[in-house]
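Notes follow the structure.
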Amino acid sequence: MNDGARLMIDLDALAANYRLLAAQVAPAHCAGVVKADGYGLGAEAVARTLIAHGCCHLFVALLGEAEALIPQLSDPAVPVYVLNGLMPGSEGACARIGAIPVLNSLDQIVRWKAQADTHGDVLPAILQLDTGMSRMGLPQDELDAVLARPELLDGISLRYLISHLACADDPADPANAMQAQRFRAIAAHFPGVPAALDNSGGAFLPRGHFDLVRAGIALYGGAPGPGDNPMRAVVALEARITQVRNIPAGTGVGYGMTFHAPHAMRLATVPVGYADGWPRSLGNRGAGYIGGIRAPIVGRVSMDSIILDVTDVPERLLKPGDPVELIGPHQTLDQVAHDAGTISYEILTQLSARYERRYLPAAQAPAIQNLQRSAAS
Ligand SMILES: *Cc1c(COP(=O)(O)O)cnc(C)c1O
């Protein structure tokens with residue numbers, strides 16, 4: 001645990017973002033995508049909050065994520081869908097825990113049907129179609145095979161047809177309309193099966209949203225597209241000053257001495273580094289904020305620390321232990337991602353297990369209640 005930093009997760013903001021998205025996509029429903037441990041924020045706390053605000057569909061990426069999440073759900077009737085589908089040999093485990101696979105290939109269909117046939121059951125599934133991203137879902141030839149032999153799906157109860165947009169974060173990209181048109185054409189072959197195409201970005205495209213939207217990053221406060229971000233910030237990252245020093249002009253700073261002080265400077269060392277998920281690409285680029293004043297990162301990002309130029313910060317704010325904002329009102333998640341040359345998704349999912357995750361309001365935080373319970377026992 002890093003006692004020099006903490007991550008605050010605002011579950012009220014998460015709930016507000018869910019309500020905004022649900023209203024935005026209505027009459028379609030809004031599902032919560034909680035893969036990668038709820039984009040790093042804690043899948044259990046996120047799922048409980050979403051369910052409490054009316055969410056009744058959850059998506060994870062991996063069967064193992066479903067296995068961890070399902071027993072923690074406040075409403076066991078909420079389905080958990082597995083986006084990556086079925087690895088060979090995992091059909092039995094998937095059926096046993098009651099996760100619903102997204103079938104991405106003919107091979108996965110055949111194996112899920114065999115699982116159903118063996119037990120004389122009908123098993124639920126989502127069918128994913130590739131409409132242009134070339135990543136997951138049935139390609140055209142496999143779709144043709146299924147349409148020619150509908151009995152391939154006997155024993156499988158299709159809950160949704162889905163596809164995924166490659167360019168939804170850019171509303172001007174013509175691929176969005178192309179994919180939606182292909183998806184509509186394919187869905188016409190499956191009358192009565194509800195359809196889902198949009199992610200966070202797709203939710204803000206100016207058209208209808210089929211029956212279900214799979215929202216991830218926007219729930220967690222990341223911008224769903226260009227322009228003003230309509231979502232509330234969910235994550236705040238605060239670190240504490242380890243030590244402060246004054247250096248004369250010409251002094252080298254950090255590994256490789258990639259920075260030399262152009263004039264006498266005051267520096268603060270802050271105990272967050274790339275092992276905490278603070279990207280190394282922020283060396284000599286990013287910043288922290290102290291008392292609302294920008295303190296640029298000087299030198300490289302180390303494994304366990306960064307060095308800030310605090311020359312312009314009043315001395316009374318620079319005692320050991322004093323707070324430094326790394327993600328917060330002065331420096332948004334999207335700004336950090338931009339400075340690091342990456343996307344908000346990567347910043348969130350790299351936030352390491354070193355951070356204490358503090359949920360606000362605490363009353364809604366099952367992770368912390370569990371901690372207290374185990375501490376008391
Ligand atoms: C991750 C993912 C989502 C969520 O995407 P966001 O851009 O975070 O809203 C939706 N659908 C699929 C298939 C995904 O892999």
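The mean sequence separation of alpha-carbon pairs under 8 Å and at least six residues apart, normalised by the residue count of the chain, gives a relative contact order of 19 percent. Sites listed here are trypsin sites (Lys or Arg not before Pro) in the range 216-282 whose DSSP assignment is loop and whose Cβ has at most 11 other Cβ atoms within 10 Å, and the list is empty.
Looking at the chain alone, DSSP beta bridges between its own residues are antiparallel in about 50 percent of cases. Rounded to the nearest 10 degrees, the inclination of helix 175-187 to the longest alpha-carbon principal axis of the chain is 30 degrees. Measuring nothing but how far apart in sequence close Cα pairs (under 8 Å, 6+ apart) lie, relative to its length, the range 1-123 scores a relative contact order of 17 percent. Remark on the chain: ratio of C-alpha radius of gyration to 2.2 N^0.38 Å is 1.13.
Within the accessible area of the range 1-148, what % is carbon and sulfur when the probe is 1.4 Å and the other protein chains stay in place?
Values: 3180 of 5870 Å².
Of the solvent-accessible surface of the range 1-148, carbon and sulfur hold 54 percent.
A DSSP coil position with no more than 11 other Cβ atoms inside 10 Å describes the following trypsin sites (Lys or Arg not before Pro) in the range 111-187: R135. Remark: the range 11-220 is approximated by an ellipsoid whose semi-axes, taken from the C-alpha gyration tensor as √(5λ), come to 26, 23, 13 Å, largest first. Its alpha carbons give the range 235-376 an Rg and a Dmax of 16.3, 54 Å.
The Rg/Rh ratio of the range 165-317, with both radii computed over alpha carbons and Rh defined as the Kirkwood radius, is 1.21.
Each part reduced to its alpha carbon centroid, the range 1-62 and the range 304-319 end up 34 Å apart. Proximity of backbone amide H atoms, modeled 1.01 Å from N, is registered between F59 and G32, V33, V34, Y81 at under 5 Å, excluding neighbours fewer than 5 places apart on the same chain.
The values are calculated or read from the model by the stated rules, or taken from the named source; none is laboratory data. Model, not experiment: these values are computed from the prediction. A quick note on method: Cβ atoms are made from the backbone with ideal geometry, for glycine too, and the neighbour counts reach across all protein chains shown. Only protein heavy atoms, including side chains, enter the accessible area calculation; ligands, DNA and RNA are left aside. Shrake-Rupley method; radii C 1.70, N 1.55, O 1.52, S 1.80 Å.
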